[in-house]
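To start, the structure itself, in structure tokens.
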Amino acid sequence: SFQYADLYDLVKTSDGGYIACGKIFGQVACIYKIDSFGNLQWSKFYIAPFSKVFERVIEVNGGYLFCGLHTNSGVDTRTILLRTDENGDSIWQKDYGLFNNFLLPAALFNSTQGYLFFVTAYDNIELRYVNCLLKVDINGIVLDSILIDVPAPMNKHDRLRNVFKINNNKFVLSCFRIGPLASDTVYAEAKIIDSSGNTLHHKSFLGFEW
């Protein structure tokens, strides 16, 4: 039953069905495999000491890869990658953090070396959000972590909303940028970047007074 599930992502699978992920009861991560007619084939649930949620999923060779948040306490939240087989059983799980705080998953992709995932990280020292690209191998080992473009000015918040893949070396990012005050102007931004985090094209759109 999907009665208590909050689903964050759903993608079509190679067998014609779908794989969905999210959370139930506010703190238990959930995975649902659905056939092409919408019938539930199987479900899996993963529990953390405090809370857990899967926000992104992609199909990979022999199974699936999920990206989400894993919280051991109210102040210790980290991004996780979970690699499963075709039945949703865990093969490995890795957790990641930058600036000694949490990452908010924005997108997840296959790559020639393994996987790419885009995140927004919170910098505890400068008290702002910055956007990052993490590259990991097929076992979840970090190959590189890249700050995307020049970070926003002090106390500005630059938050990723969506990422679209053009090809293996080019991505379109949509984000918004606001200041720390309630009266600050909000800007919507669109960027085209390469896989090294370099901005190839950038456009800002004036938003509104918060």
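The values are calculated or read from the model by the stated rules, or taken from the named source; none is laboratory data. None of these values were measured; they are calculated from a predicted model. For neighbour counting, all protein chains shown are included, and Cβ atoms are generated from backbone atoms with ideal geometry for every residue, glycine included. Surface accessibility is based on the protein's heavy atoms, side chains included, excluding ligands, DNA and RNA. Shrake-Rupley method; radii C 1.70, N 1.55, O 1.52, S 1.80 Å.
Quick check on my filter: what residues within the stretch 124-143 are over 19 Å from residue 85 (Cβ atoms), among the charged types (D, E, K, R) and more than 16 Å from the chain's Cα centre (by Cα)? Before the answer, list the steps.
To start, the set of residues in the stretch 124-143 that are over 19 Å from residue 85 (Cβ atoms) comprises 124-135, 141-143.
With the extra rule that they be among the charged types (D, E, K, R), the set shrinks to 126, 128, 135.
Those that are over 19 Å from residue 85 (Cβ atoms), among the charged types (D, E, K, R) and more than 16 Å from the chain's Cα centre (by Cα): 126, 128.
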Filter the stretch 116-153 down to the residues that are closer than 17 Å to residue 69 by Cβ, modelled with pLDDT of 80 or more and part of a strand (DSSP E or B) and list them by number. 117, 118, 119, 120, 131, 132, 134, 136
In the set 20, 29, 48, the lone residue that is open to solvent by less than 20 Å² (accessible area, probe 1.4 Å) and closer than 24 Å to residue 164 by Cβ is 20
Looking for something of a type outside the set (Gly, Ala, Ser), at pLDDT 65 or above and not in a strand (DSSP E or B) - is there at least one such residue anywhere in the stretch 154-169? yes
